Amino acid sequence: MTDTFVPTTAFAVAGRIAVSNRAAATWQRAVITHIRRETPRAATFRLAVPQWQGHLPGQHLMLRLTAQDGYTAQRHYSIASAPDDSGHIELTLDHVDGGEVSGHLHTTARPGDTVEVRGPLSGFFAWPGDRPALLLGAGSGVVPLMSMIRHHRLRGLDLPLRLLVSARTPADLIYASEYGPETTVIHTRTDGRLTAAHLEPYLGEHQPSGGWEAYICGSNGFAEHASRLLVAGGQPVDRIRIERFG
């Protein structure tokens with residue numbers, strides 16, 4: 001995601017997820033093993049973290065860089081990869097203009113370089129795969145949602161999972177080659193913004209048994225707009241979880 005990460009509970013309920021406070025509070029050495037270009041401004045960084053204690057889809061971590069003179073810079077980033085036991089995690093970052101951390105990773109970092117990570121952090125936006133989920137993301141807001149998609153596929157879960165992802169153009173669409181029939185893509189430059197018509201096939205009488213747990217991730221403007229559309233469509237406020245940046 002971006003260099004600025006602000007979780008909010010305005011339309012969210014705190015997740016009752018047990019996270020090891022001790023593990024989350026400890027900085028761990030991580031080695032960049034691969035860098036994959038996603039769009040002209042976004043790239044995925046694969047990290048080897050041998051002591052990683054695992055995470056839930058939707059959680060994030062803190063990444064820290066330390067300069068030779070001891071100066072440090074750290075940022076929060078959503079985890080893009082599904083939980084597994086490989087000892088690797090993936091982060092997908094936008095190249096933020098003027099961003100200390102994203103700028104370094106995009107322009108200077110190479111495989112073999114070392115960073116530090118601490119986490120996983122936060123449980124309120126996590127989806128453990130125990131209920132139907134309706135996911136709405138814009139731009140790099142799709143990153144934690146892709147962790148959920150990948151987890152759903154990796155585990156072969158049969159719970160309903162649907163993703164609506166918004167990007168300005170096809171060239172701006174992160175993970176473009178990975179989307180399947182569970183995903184609806186909206187190109188805002190040609191299709192316009194997310195509307196009630198996009199959500200109508202999933203709300204009201206079209207909801208799965210027990211309803212959705214809704215997850216929204218994107219800019220402040222997208223988060224407010226998407227949450228209002230969901231509420232207007234009948235989605236209970238206490239079953240909407242929001243993570244926003246910007």
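Listing for the model above:
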| item | result |
| --- | --- |
| Listed candidates [x] 58, 41, 39; [y] 62, 39, 28; [z] 58, 40, 31 - label of the one calculated as Cα extents along the principal axes in Å | [z] |
| At R0 = 25 Å, FRET efficiency that the Cβ-Cβ distance of S209 and Q53 yields, to 0.05 | 0.15 |
| Estimated 222 nm signal from helices in the chain, with DSSP H stretches of n ≥ 4 weighted -39500 (n - 2.57), rounded to 500 | -5000 deg cm²/dmol |
| Listed residues H206, L134, L145: farthest to the positive end of the dipole of the stretch 133-245 (Cβ charges) | L145 |
| Local electrostatic count at L229 - Lys and Arg +1, Asp and Glu -1, tallied over other residues with Cβ under 14 Å | 0 |
| Under 13 Å, Cβ to Cβ, from R153 - net charge with Lys/Arg +1 and Asp/Glu -1 | -2 |
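Values in this text are rule-based calculations from the coordinates and carry no lab data. Computed from a predicted structure; not experimentally measured. Using ideal geometry, Cβ is built from the backbone for each residue, glycine included, and neighbour counts are taken over all protein chains shown.
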